[in-house]
Amino acid sequence: MYPETKQKVTVGITPTGKNGLDAIAKRLGLSRSELVEQIGRGILLVQSASNESHKNEINSKIYDHLRTEVLSLRGKLAAVYQETIALSEERDRLIRELAALKRS
């Protein structure tokens, strides 16, 4: 698969780290060895949990901002709807008044 011959390397990690590597490799359909190979070659990029936490914080802020905007727009829409009803009622009143004037 690669133009080089693989070398056997021993890496000391905790059982938790090994289980984590195995879970990631399984999820990606790779062997543990191929997972490490692709990370080493830059094919797979590793992202720290703190970066993930930072992304979640940013996403949360974006969500809060959008939620505030949506609530504001709902309020504005309700006001426009009420104004539309009032104008419609005024139009109907004027039509009745005009009809009454035409009859007299």
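Does the range 6-23 contain at least one residue that is among the hydrophobic types (A, V, I, L, M, F, W, C), at pLDDT 90 or above and under 28 Å from the mean Cα position of the chain (by Cα)? Taking every residue of the range 6-23 in turn, at least one turns out to be among the hydrophobic types (A, V, I, L, M, F, W, C), at pLDDT 90 or above and under 28 Å from the mean Cα position of the chain (by Cα). When we screen Leu101, Leu30, Leu77 for residues that are modelled with pLDDT of 90 or more, part of a helix (DSSP H, G or I) and surrounded by 10 or more Cβ atoms within 10 Å (Cβ to Cβ), the only hit is Leu77. The number of residues in the range 1-17 that are of a type in the set (Ser, Thr, Tyr), without any contact (Cβ under 8 Å) to a residue 12 or more places away in the chain and not in a helix (DSSP H, G or I) comes to 3.
Val46 meets each of the listed conditions (1) touching a helix residue (DSSP H, G or I) at 6+ places or on another chain (Cβ under 8 Å); (2) in a helix (DSSP H, G or I) apart from (2).
Take the conditions (1) in a helix (DSSP H, G or I); (2) in contact (Cβ under 8 Å) with a residue 12 or more places away in the chain; Gly20 misses just one of them, which is (2).
The single condition among (1) exposed (fewer than 10 other Cβ atoms within 10 Å of the Cβ); (2) touching a helix residue (DSSP H, G or I) at 6+ places or on another chain (Cβ under 8 Å); (3) of a type in the set (A, V, I, L, M, F, W, C) that Leu21 does not meet is (1). Against the conditions (1) loosely packed, with under 10 Cβ neighbours inside 10 Å; (2) at pLDDT 90 or above; (3) closer than 30 Å to Val9 by Cβ, Ile39 satisfies every one except (1).
The values are calculated or read from the model by the stated rules, or taken from the named source; none is laboratory data. Worth saying up front: this structure is predicted, and the values here are computed from it rather than measured. Note that each Cβ is placed from the backbone with ideal geometry, even for glycine, and that neighbours are counted across all protein chains shown.
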